[in-house]
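For reference, the structure discussed in these notes is given below.
The values are calculated or read from the model by the stated rules, or taken from the named source; none is laboratory data. Please read all numbers here as calculations on a predicted model, not as lab measurements. For neighbour counting, all protein chains shown are included, and Cβ atoms are generated from backbone atoms with ideal geometry for every residue, glycine included. SASA here: full protein model, heavy atoms, side chains in, ligands and nucleic acids out. Shrake-Rupley method; radii C 1.70, N 1.55, O 1.52, S 1.80 Å.
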Amino acid sequence: MSAPTFPSVDALLEDLGITEPHELDLRFIAQHCGATIVYKPLEGCAARIAGNEERAIITVDNTSQIERQRFSAGHELGHWTFDRGKVSLFSCEDNLFIQEWSGSNPETRANRYASDLLMPHFMFRPRAVTFRQINFDTVRKLANIFTTSLTATAIRLVEHGPFPSMLVCNNVKEMEWVVFGSGTRGLWPQIPGPDTYAYDILKGRKEEASGDILATSWFEHPVAERYSVHEHSIRAYKGLVLSLLWWQNETMLSNLDDYEEERDARRSDSRRR
Ligand SMILES: [Zn+2]
């Protein structure tokens, strides 16, 4: 099941007659929503919004990369859409944009809104399908089309892409976060060991590596035995390592489905006894 898309975004784009990625001009879209975007250097945060019930001013730090500026602007526009009137000022840090992805709070909602706005599902999915592979080569092509960061694009590809995949973010000590694609929720990744491609990058020996790998290298789960996944890992911002795992052979995931059904049946059986 893919993550929900807020209907408001698609309706908004339809209102504005926007159908192509190059038409996603955030200043123009924000203006239509009653918000003005100002770009200028900011200290201590990536973007902020100040507003009342009627109008808002969104300020975006223009010293960061254009992809980050766009995401920041979309994120603040998300606050304006959902949190208007509740808080008069939001000040948002860069790392919130990536860390706050699961859960349900104003930051998560704002991130989801930004993602829906910058990579609308109806534009993203057909393009993602044509590249036929879930790896960072595809992520780079899509990021180029939508002017989005690699991380935001990879998350979108996992959640809305055509094939089952997972995105795992590790620092040198532990896992930071994980994004599950369709059919992968029953699997929890372990810290990447020496037989993973992520390991060499975490150790600082490489910047990027990819290939097929035993699923047990990533997942300590009975269904992982005998199967492989494709891993593409890269060094991302702040020394974090992003690993994109792609199930080219989906048999392991259908076995996972069966495994969970049987387990649930056993549980309800034992409860009845
Ligand atoms: Zn925010």
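Quick notes on this structure:
- Sorting the segments 68-78, 24-34 by their mean number of nearby beta carbons within 10 angstrom, highest to lowest, gives 68-78, 24-34.
- Protein heavy-atom accessible surface, 1.4 Å probe, per residue over the chain: 49 Å².
- In sequence order, calculated HN-Hα J values of the stretch 180-185 (Karplus, 6.51, -1.76, 1.60; Hz; x Gly/Pro): 9, x, 3, x, 10, 5
- Here the extension length gained between Trp188 and Tyr39 equals 49.6 nm, from 0.36 nm per residue of separation less the Cα-Cα distance.
- Alpha-carbon spread of the chain, three principal axes, descending order, Å: 57, 52, 35
- Estimated FRET transfer efficiency when R0 is 45 angstrom, pair Glu262-Val172 (beta carbons, to 0.05): 0.75
- Tilt relative to the chain, helix 106-118 - C-alpha long axis, 0 to 90 degrees, to 10: 80
- Euclidean distance of C-alpha centroids, the stretch 197-225 and the stretch 137-166, integer Å: 20
- Under Karplus coefficients 6.51, -1.76 and 1.60, residue-wise ³J(HN,Hα) of the stretch 63-75 in Hz, glycine/proline x: 8, 8, 4, 4, 4, 5, 4, 5, 5, 4, 4, x, 4
- Calculated FRET value between Thr251 and Arg132, using beta carbons and R₀ = 25 Å, to 0.05: 0.85
- Per-atom-type breakdown for the chain gives carbon and sulfur 48% of the accessible area (1.4 Å probe, protein chains only).
- Ligands, DNA and RNA aside, Lys141 has an accessible area near 100 Å² when probed at 1.4 Å.
- Largest first, the residues Glu14, Glu174 sort by 1.4 Å accessible area into Glu14, Glu174.
- Backbone amide hydrogens, once placed in the peptide plane, bring Leu187 within less than 5 Å of nothing, excluding anything fewer than 5 places away on its chain.
- Degrees separating the helix 121-131 axis from the principal Cα axis of the chain, which is the longest one: 50
- Lys pairs under 16 Å by Cα in the chain, provided they are eight or more residues apart or on distinct chains: 4
- Highest-first packing order for the peptide set 266-273, 105-112 is 105-112, 266-273, based on the mean count of other beta carbon atoms within 10 Å.
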